[in-house]
Amino acid sequence: MISDWPLLSLTIWLPILGGSAVLFAGETNREGARNLALAISVLTFLVCLPLWSGFDTGTATMQFQERYPWMSTLGVYYHLGVDGFSLPLILLTTFTTVLVVIAGWEVIQYKVAQYMAAFLIMEGLMVGVFAALDAVLFYVFFEAMLIPMFLVIGIWGGPRRIYATLKFFLYTFVGSVLMLVALVYMYFQADSWSIVDFHHLRLGYQEQILIFLAFFLAFAVKVPMWPVHTWLPDAHVEAPTGGSVILAAITLKVGGYGFVRFALPITPDAAGALSWLVISLSLIAVIYIGLVALVQEDMKKLIAYSSIAHMGFVTLGFFLVFSIHENTGELAGAALGIEGGMVQMISHGFISGALFLCVGVMYDRLHSRQIKDYGGLVNTMPVFAAFMVLFCMANAGLPGTSGFVGEFMVILSGFHSSIWIALLAGLTLILGAAYTLWLVKRVIFGEVANDGVAALEDINTREALFLGVLAAVVLGLGVWPDPLVSVMHESVENLVQHISVSKL
Amino acid sequence: MESIYLGIVLAPLIGAAVTGLFCLKLPRATVHWIAIIGVGCSFLLSLVVLTEQMGEGAETYNRTVYTWMVSDGIRMEIGFLVDRLTAVMITVVSFVSLMVHIYTIGYMEDDPGYNRFFSYISLFTFAMLTLVMANNFLQLFFGWEAVGLVSYLLIGFWYKRPTAIYANLKAFLVNRVGDLGFLLGIAAIAMYFGSLDYADVFNAAEDMAMMQVEIVEGSSWSLLTLICVLLFIGAMGKSAQVPLHVWLPDSMEGPTPISALIHAATMVTAGIFMVARMSPLFEYSETALSVVLVIGAITAFFMGLLGIVQNDIKRVVAYSTLSQLGYMAVALGASAYSAAIFHLMTHAFFKALLFLAAGSVIIALHHEQDMRRMGGLRRHMPITWITSLVGSLALIGTPFFSGFYSKDGIIEAVKLSDTPGAGIAYAAVLVGVFVTALYSFRMYFLVFHGNERMDEHTREHVRETRPVVTIPLILLAVPSVLIGYYTVGPMLFEGFLGDAIFVRKEHDVLSHLGQDFHGALGFALHAIATLPFWLAAAGVATAWYLYCYRPELPNEIAERLRPIHTLLANKYYFDRFNDVVFAGGGRLVGSLLWRWADAAVIDGILVNGSVRIVGWASGIVRLVQTGHLYFYAFFMIIGLLLGLTWFLGPEVWNLLIG
């Protein structure tokens, strides 16, 4: 049986080892490096599929577990497993990496092998983050995945890449150091590095608050939440297209994942006590950042800010459970919020990835990200324009696209807490449409703006391929999100039950 | 029957998908045939459904097609609810859509976006049919937003025009404001009813009628009032009620067939349809009904006034649409849901006719839309002339024409209504009759009578448009005249819509009215002795006097009433207000947050500031690292001394003291 194989290990190590192979083998042969990278990424994605088909949606326990002693004197295990939270994110990671490899095919001419290798290695590390059930293993992957991204921005990035990489690195590093302290503390309390054991660890209120704050800082930076978000626009602007896609589609999701894997189940009482803070920051992200996105002149910055606003829905959805419980005394609506946040993460992975790829398509042709340098693209690139309008509509949360599903669920959940939360979150309907469609108006519609635009050629087969695949996924999830939601369902219900019981 | 319902919805979708995906490849004739066959299938199947539903004891069909998702115990599904209300709606929608498809062959023949246009209108038909056939709020919202999307695409169809891409963005955003209310209403339903299914919600409505919710501390609202008002905010966006009406006149930037189909006959009536569908909820909230009534009355009267000062032929018809939507809302507010749906139906025919006739004039004059450069066209375009006259007569409510029955039904119903605000609403719809007649016949006289004011070149080339344009006009003119006469009885008084509409006894103005109803003929004859008829006649007479008999007079009047004319010409300054406050304000706040909060405070002070603090601190520490051996030795000795003092100091002290 294929599902008896160590599928998770394969998904982690195949791209890491394969990436190393590309690195060494492809120095002289660019075409070979590309083909090998594509083969490895596709293979990794295929290896993931049995995880999906073999996943038992009827239980919240960890599945496909692998557990071997790693550093036995310290009690560290090489322990992997997936549940309804991590499986969709792993699939998203392996899927997106294939697209990124294809997207970098002709565009990257400088150090091709290293470029492809960086993304493959990063893929393995990110899958590791989502699959690790041992805190040390998690931390190693969590920190290690910074390195390839650091290199991708630093080597293939734009003119201000050094500032951007440093800012990116310091922000995320400062956040995660405190988390390490918290993990070590819990190891001494639980005498185990197992994350599942941490979930059942009894902790006092003071301890919980401190641990929660450590987690919060680490993950809030990743998400990123206001006010620790300013690294993201800079990183995106300087990153090459592939870097932006991975950054937006996957790296940010590590923050959201951290909340449901660590902060909520380990410190439920602290999370409850501070939920007002997280909810406020999330609503600030939706509204404040939405307004900031409106006035951006650089397309990548606009999409970066839009990402922050959309990720606001994720953290909002995750923390609504507490305010619902406090305001109504019940848990009805709480699962909607958490599931909505999860769906929003997956959907945002596809949509923001697609939008960054769209900007990449334009940048490859005109070498500008400034909105004012474009206009009337539909005249010369009608097929591209159709894709761009579709993804922008998805970004604006149009029903029938995946962008609607998560926001809808979170707004429904928010209403259980208070009509005002639902109203403020719902402002994204207007703001999201305003900044995205204003972008469409200025870039896509109108008369041909300049000679550069007049000379543009429409997308080629390769570009049509990755945009088409993304379009199919975005529409598919919008029309029928049930397969995605039902995978998460048990894990979410379980989490809601778990955090509704005080640890004090 | 299920396959029939699926066919109705999917036929235009397939048409749209095929023509859309291959719009750059397929030849034009193939495209329009695919699209027309798709919509034609919908129309024929709709007729089957309508006949079926008209039969005695026809059953309501209510079933799920598939489960969209299940979360938190709420099943969210896609499914169909087919009853007589649905049957009427799908027939009207697919019929008008079919007419518009055919007409488009003529109207868009020179347009490079011909194929794309067919794809869009078929997609629209799909979306609208999904909306009216929904059996749950989720699908309703899907259709709701999908028609908004297609409307956006079609208003901006001529994407090179700055005005068009301004108008489509504006339309989408204004609609989104309404959608926010709508979505919150749905959220409230999901929370309190635990279901999004119409049947579940309607069944529980009576039990929920007493429920109170606190929105702000200490003030409680009836739950159903809250839900209904929120839902109606959505309807205000889609059905362009004041103050969310601002997008509709600008939407005339789209090609005329679209103005006919989307921005007159079907999409803008979605809000009206929705409220009628929700009658089991609205009936339990006097407050919500009153809101609907008053907003509708304001829209009906004040938007009608604006029609008088417009010179663009399409904008006159657009303001007329706004005003008529106001009439429908008034009917809803008066609990005369059937009257609203009836007016929706007749209006769909005659307003589509008026728009398509206007389009016919526009093509004949080589895309001239300014009525000041028209005139005397009745001599050149007999079919367009007669059908326009028919449409106008129907619109102003001439007895025996379809518009008469529906409009008179509304006016009489409001007269009898006890809903708070009914008095004002009655006055508004009554004076509105005069206003309607005035602007309609102003347009009619300016276009078809009087001097020929176009330039010499255009005048020589004016001739009647092709049959592909005029045949839809004729086909729409027939129901514009007849449909009222034949359906007024069943629609208004004999409960044709049956269980689809729920009216509480104390609100049931129509059955009250029905006691005096003795057939369509008597209804019309009786009307000649009533005020509305003479108001309409006075409107026509005034229009004739001002625009045919003394055409110099209107300018003099405008001059005399300068302040009022300015107010009307500026459309009560709604647009200016929105541009400055919302669009400008949003951008200003966004800039401030970005430049000041993000860039200056967070990045400037906090991020780069902490870098500077680290730099500053390390700068001080660096001073000590001189690299000279004696310097380090000196500090070691100092350190040793300090250490010794710290550890041994107390002992030495004791030794000395002791």
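The values are calculated or read from the model by the stated rules, or taken from the named source; none is laboratory data. From a predicted model like this one, the values you see are computed outputs, not experimental measurements. For neighbour counting, all protein chains shown are included, and Cβ atoms are generated from backbone atoms with ideal geometry for every residue, glycine included.
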Seminar exercise, completed: Within the stretch A:301-339, of all residues that are under 14 Å from the mean Cα position of the chain (by Cα) and farther than 17 Å from residue A:245 by Cβ, the one farthest from the other protein chains (Cβ to nearest Cβ) is A:315
For this session: Inspect all residues belonging to the stretch B:117-130 and state whether any of them is within 11 Å of chain A (Cβ to nearest Cβ), in contact with a Cys (Cβ under 7 Å, 6 or more places away or on another chain) and surrounded by 24 or more Cβ atoms within 10 Å (Cβ to Cβ).
Result: yes
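Return the only residue of A:333, A:337 being touching a Ser or Thr at 6+ places or on another chain (Cβ under 8 Å), crowded, with 24+ Cβ neighbours inside 10 Å and modelled with pLDDT under 90.
Details: A:337 fails: modelled with pLDDT under 90.
The conditions single out A:333.
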For this session: Filter the stretch B:55-74 for residues that are more than 10 Å from chain A (Cβ to nearest Cβ), assigned to a strand (DSSP E or B) and surrounded by fewer than 20 Cβ atoms within 10 Å (Cβ to Cβ) and give the result.
Result: B:62, B:63, B:64, B:65
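Restricted to the stretch B:151-205, and to residues that are of a type in the set (Gly, Ala, Ser), in contact with a strand residue (DSSP E or B) (Cβ under 7 Å, 6 or more places away or on another chain) and assigned to a helix (DSSP H, G or I), which residue is farthest from the other protein chains (Cβ to nearest Cβ)?
The initial filter retains those residues of the stretch B:151-205 that are of a type in the set (Gly, Ala, Ser), namely B:151, B:156, B:164, B:167, B:171, B:178, B:181, B:185, B:187-188, B:190, B:194-195, B:199, B:204-205.
With in contact with a strand residue (DSSP E or B) (Cβ under 7 Å, 6 or more places away or on another chain) added as a condition, the list becomes B:190, B:194-195, B:199.
After this cut, where a residue has to be assigned to a helix (DSSP H, G or I) as well, the list is B:190, B:199.
On the way: B:190: 5, B:199: 20 Å.
Selected residue: B:199.
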Problem set entry | Residue satisfying condition, being among the hydrophobic types (A, V, I, L, M, F, W, C), assigned to a loop (DSSP other than H, G, I, E, B) and away from chain A (no Cβ under 14 Å), within set B:558, B:529, B:541, B:537 | B:529
Problem set entry | Selection from the stretch A:445-461 of residues that are away from chain B (no Cβ under 14 Å) and in a helix (DSSP H, G or I) | A:451, A:452, A:461
Problem set entry | Candidate set from the stretch A:247-300 (those that are within 17 Å of the chain's Cα centre (by Cα) and charged (D, E, K, R)); member that is farthest from residue A:367 (Cα to Cα) | A:261
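Test residue A:450 against the stated conditions and say whether it is in contact (Cβ under 8 Å) with a residue 60 or more places away in the chain and surrounded by fewer than 24 Cβ atoms within 10 Å (Cβ to Cβ).
yes
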Exercise. Do we find a residue being free of Cβ contacts under 8 Å to residues at least 60 places away in the same chain and either more than 18 Å from the chain's Cα centre (by Cα) or over 23 Å from residue A:350 (Cβ atoms) (or both) anywhere in the stretch A:120-135?
Worked result: no
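Rundown of residues vs (1) closer than 24 Å to residue B:99 by Cβ; (2) of a type in the set (D, E, K, R); (3) assigned to a loop (DSSP other than H, G, I, E, B); (4) more than 18 Å from the chain's Cα centre (by Cα), yes/no style:
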{"residue": "B:288", "(1), (2), (3), (4)": "no, no, no, yes"}
{"residue": "B:295", "(1), (2), (3), (4)": "no, no, no, no"}
{"residue": "B:299", "(1), (2), (3), (4)": "no, no, no, no"}
{"residue": "B:302", "(1), (2), (3), (4)": "no, no, no, no"}
{"residue": "B:315", "(1), (2), (3), (4)": "yes, yes, no, no"}
{"residue": "B:318", "(1), (2), (3), (4)": "yes, no, no, no"}
{"residue": "B:326", "(1), (2), (3), (4)": "no, no, no, no"}
{"residue": "B:345", "(1), (2), (3), (4)": "yes, no, no, no"}
Problem set entry | Some residue of the stretch B:611-618 being surrounded by 13 or more Cβ atoms within 10 Å (Cβ to Cβ), of a type outside the set (D, E, K, R) and over 30 Å from residue B:244 (Cβ atoms) | yes
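Kindly indicate which of A:232, A:217 is within 21 Å of the chain's Cα centre (by Cα), in contact (Cβ under 8 Å) with a residue 40 or more places away in the chain and buried (at least 23 other Cβ atoms within 10 Å of the Cβ). Outline the logic, then answer.
Working: A:217 fails: buried (at least 23 other Cβ atoms within 10 Å of the Cβ).
Sole residue among the options that is within 21 Å of the chain's Cα centre (by Cα), in contact (Cβ under 8 Å) with a residue 40 or more places away in the chain and buried (at least 23 other Cβ atoms within 10 Å of the Cβ): A:232.
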Exercise. Can you tell me which residues in the stretch A:183-208 are β-branched (Val, Ile, Thr), under 23 Å from residue A:83 (Cβ atoms) and surrounded by fewer than 22 Cβ atoms within 10 Å (Cβ to Cβ)?
Worked result: A:196
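Being of a type outside the set (A, V, I, L, M) and facing chain B (nearest Cβ under 8 Å) is the filter; apply it to the stretch A:421-444 and report the residue that is surrounded by the most Cβ atoms within 10 Å (Cβ to Cβ).
The residue in question is A:426.
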Seminar exercise, completed: Checked the stretch A:363-383 for anything within 14 Å of chain B (Cβ to nearest Cβ) and either more than 19 Å from residue B:116 (Cβ to Cβ) or of a type in the set (Ser, Thr, Tyr) (or both); matches are A:371, A:374, A:375, A:380
For this session: Could you check how many residues of the stretch B:131-150 are facing chain A (nearest Cβ under 10 Å) and polar (S, T, N, Q)?
Result: 1
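Is it the case, given these coordinates, that residue A:405 is part of a loop (DSSP other than H, G, I, E, B), in contact (Cβ under 8 Å) with a residue 60 or more places away in the chain and not small (Gly, Ala, Ser)?
On the way: part of a loop (DSSP other than H, G, I, E, B): no; in contact (Cβ under 8 Å) with a residue 60 or more places away in the chain: yes; not small (Gly, Ala, Ser): yes.
It is false that residue A:405 is part of a loop (DSSP other than H, G, I, E, B), in contact (Cβ under 8 Å) with a residue 60 or more places away in the chain and not small (Gly, Ala, Ser).
Is it true that residue A:386 is within 9 Å of chain B (Cβ to nearest Cβ) and either surrounded by fewer than 24 Cβ atoms within 10 Å (Cβ to Cβ) or β-branched (Val, Ile, Thr) (or both)?
Working: within 9 Å of chain B (Cβ to nearest Cβ): yes; either surrounded by fewer than 24 Cβ atoms within 10 Å (Cβ to Cβ) or β-branched (Val, Ile, Thr) (or both): yes.
Yes: the conditions hold for residue A:386.
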For this session: All but one of (1) within 13 Å of another protein chain (Cβ to nearest Cβ); (2) under 22 Å from the mean Cα position of the chain (by Cα) hold for residue A:360, so report the exception by its number.
Result: (1)
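Can you tell me which residue within the stretch A:391-420, out of those that are of a type in the set (Val, Ile, Thr) and facing chain B (nearest Cβ under 9 Å), is surrounded by the fewest Cβ atoms within 10 Å (Cβ to Cβ)? Break it down stepwise before answering.
Of all residues in the stretch A:391-420, those of a type in the set (Val, Ile, Thr) come to A:401, A:405, A:410-411, A:419.
Going one step further and asking which of them are facing chain B (nearest Cβ under 9 Å), we end up with A:405, A:411, A:419.
Values: A:405: 29, A:411: 30, A:419: 22.
In this case the residue turns out to be A:419.
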Exercise. Applying the selection to the stretch A:161-186, what residues are within 13 Å of another protein chain (Cβ to nearest Cβ) and among the charged types (D, E, K, R)?
Worked result: A:167
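Can you tell me how many residues within the stretch A:462-490 are away from chain B (no Cβ under 13 Å) and buried (at least 17 other Cβ atoms within 10 Å of the Cβ)?
Of all residues in the stretch A:462-490, those away from chain B (no Cβ under 13 Å) come to A:462-463, A:465-467, A:469-470, A:473-474.
Then drop every residue that is not buried (at least 17 other Cβ atoms within 10 Å of the Cβ), which leaves A:463, A:466-467, A:470, A:473-474.
Count: 6.
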For this session: Go through the stretch A:1-19 and count every residue that is surrounded by 15 or more Cβ atoms within 10 Å (Cβ to Cβ) and out of contact with any strand residue (DSSP E or B) (no Cβ under 8 Å at 6 or more places or on another chain).
Result: 8
Problem set entry | Yes/no for residue B:389 being surrounded by 21 or more Cβ atoms within 10 Å (Cβ to Cβ) and aliphatic (A, V, I, L, M) | no
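Specify which of the listed residues (B:612, B:622) is more than 25 Å from residue A:225 (Cβ to Cβ), more than 9 Å from chain A (Cβ to nearest Cβ), part of a helix (DSSP H, G or I) and of a type in the set (Lys, Arg). Quick ask: steps written out before the conclusion?
Details: B:612 fails: more than 25 Å from residue A:225 (Cβ to Cβ).
Result of the check over B:612, B:622: B:622.
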Exercise. Which condition number in (1) within 11 Å of chain B (Cβ to nearest Cβ); (2) among the hydrophobic types (A, V, I, L, M, F, W, C); (3) more than 14 Å from residue A:224 (Cβ to Cβ) is the one that residue A:289 fails?
Worked result: (3)
